[in-house]
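The values are calculated or read from the model by the stated rules, or taken from the named source; none is laboratory data. Computed from a prediction, not measured in an experiment: that's the story for all the values here. Don't worry about glycine lacking a Cβ; one is built from the backbone with ideal geometry, like all the others, and counts go over all protein chains shown.
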Amino acid sequence: MKMNAYDNKILIVDDNPKNLQVAMNILKDYNVIYAQSGEKALELVSENDFDLILLDIVMPTMDGFKVCEILKSDDKTKDIPIIFLTVKDDEKDIVKGLEAGAVDYLTKPFYSEVLLKRVELHLQLATSFKELTSLNENLNDIVSRQIEDIRKKDQILFKQSKMLAISEMIDMMSEQLTYPLGLIKIQNQGLELKLLNDLITNDDIEQSIKVTNEQLNYLDMSIDDFKSFFKQDAQKDTINLNVMVDRVLLFFKDTLIKEKIEVSVKGDVYLKVDFVNSELKHVLMKLIFNTLYLLKTDNQNKKKIDILFEEEEEYIQLYIQSNIKNVDYFELNELFEKNDININDTTELNLGLQLVKTLVEKNFSTIHIEKRNDNISYSIRFYK
């Protein structure tokens, strides 16, 4: 809606009554208030909201430069445009006035059309500035709300991903823990038969205790890993990559034997990375789990998984590669970005890869899929 001229409140400051009268007659269509001293001008500004100030430079007690300096130093008044009124047209005075914060200057005596056009121009500019400031503030609010919405969505997604990881880890644990529990059961049944037939020996008992303790230690380790994965205050650890890889492969031992998959681990056995222990184990378990899934569906006579780690100057590189043929690694890379979560479906290949990427980046590392020597390879870069 277009404003009427009278809606604009203008303050004219001049110690000369004749100059005030001339200016007020020219600006009769505006809402004009006057002051005959710098002190009075400051008092009126504190009581009113002015859209523009016409300020005389040469005044007794407090000149226009001082008044302008005070107004520009106050956050409440610093944005009010000021036009200096002066009988001086000396270049130094003009520059001094503009440097003090004035937007323009007018020399006295006034030319009616010039004064009107200058006032109209700076009122329009001031209005535009206010609108832009308001728009910027609104945009900042909108952006802040959108960022907060994104943050909340990311939190929800991360929680959903962790719920998904719980389901997936339970499924894997249920399958893999069957192997150690089965060994313990077989040992106990064998002892029971020998005991019934009075054939049991000390060696039988010692062997059974050894096997049982090994499998119980493995069960304890797996349960501890499961519990620690979801701790909120987990701290980074310095982890030996070779030891961690061995622990993860032990978890898949039964499947590797059953599927006749050959595994090799190469690299410096002393290489260490900084990572949250349980999170790194989950990342490696998920990547090997998906690799096994792909190998099961691939028509290969000799299935292989090669795990390599190398040290560079600024990072340590880990590769988990396999001789899978029937897969598009470009599509696999896209799975790291896939955010749609289906907790009821625990068979999809991409299940958990988005969480894997989140965990890797959370630990200041990167992950992607590449082709190495005609093999598909998950590549993790741990920055030092």
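Quick notes on this structure:
- Filter result (in contact with a helix residue (DSSP H, G or I) (Cβ under 6 Å, 6 or more places away or on another chain) and surrounded by fewer than 14 Cβ atoms within 10 Å (Cβ to Cβ)) within the range 91-120: S112
- Residue match in the range 124-137 (condition: assigned by TED's automatic domain parsing to the domain that holds D14, in contact with a helix residue (DSSP H, G or I) (Cβ under 9 Å, 6 or more places away or on another chain) and modelled with pLDDT of 75 or more): no
- Taking first residues from the range 96-116 that are without any contact (Cβ under 8 Å) to a residue 40 or more places away in the chain and partners that are of a type in the set (S, T, Y), the Cβ contacts under 7 Å between residues at least 6 apart in sequence or on separate chains come to Y105/T86; T107/T86.
- On the stretch given as the range 300-333, residues that are of a type in the set (F, W, Y) and part of a strand (DSSP E or B) total 3.
- Candidate set: the range 331-384, residues that are at pLDDT 70 or above and small (G, A, S); chosen: the one farthest from Q321 (Cα to Cα): S365
Conditions (1) closer than 30 Å to L353 by Cα; (2) within 31 Å of the chain's Cα centre (by Cα); (3) β-branched (V, I, T); (4) at pLDDT below 85, marked per residue:
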| residue | (1), (2), (3), (4) |
| --- | --- |
| G101 | no, no, no, no |
| I147 | yes, yes, yes, yes |
| L177 | yes, no, no, yes |
| L181 | yes, no, no, yes |
| K185 | no, no, no, yes |
| N188 | no, no, no, yes |
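- The range 282-302 - residue that is of a type in the set (D, E, K, R) and surrounded by fewer than 21 Cβ atoms within 10 Å (Cβ to Cβ) and, of those, farthest from L332 (Cα to Cα): K302
- Exclusive hit being among the charged types (D, E, K, R), surrounded by fewer than 16 Cβ atoms within 10 Å (Cβ to Cβ) and in the same structural domain as N240 (by TED's automatic domain parsing), set E312, E279: E312
- Taking the range 223-246 as the range and being more than 28 Å from the chain's Cα centre (by Cα), surrounded by fewer than 17 Cβ atoms within 10 Å (Cβ to Cβ) and at pLDDT 85 or above as the test, the residues that pass are N240, V243, D246.
- Residues in the range 62-76 include none that are surrounded by fewer than 18 Cβ atoms within 10 Å (Cβ to Cβ), modelled with pLDDT of 90 or more and under 17 Å from R118 (Cα atoms).
- In the set (1) surrounded by fewer than 18 Cβ atoms within 10 Å (Cβ to Cβ); (2) over 54 Å from the mean Cα position of the chain (by Cα); (3) at pLDDT 85 or above, K88 fails one condition alone, (3).
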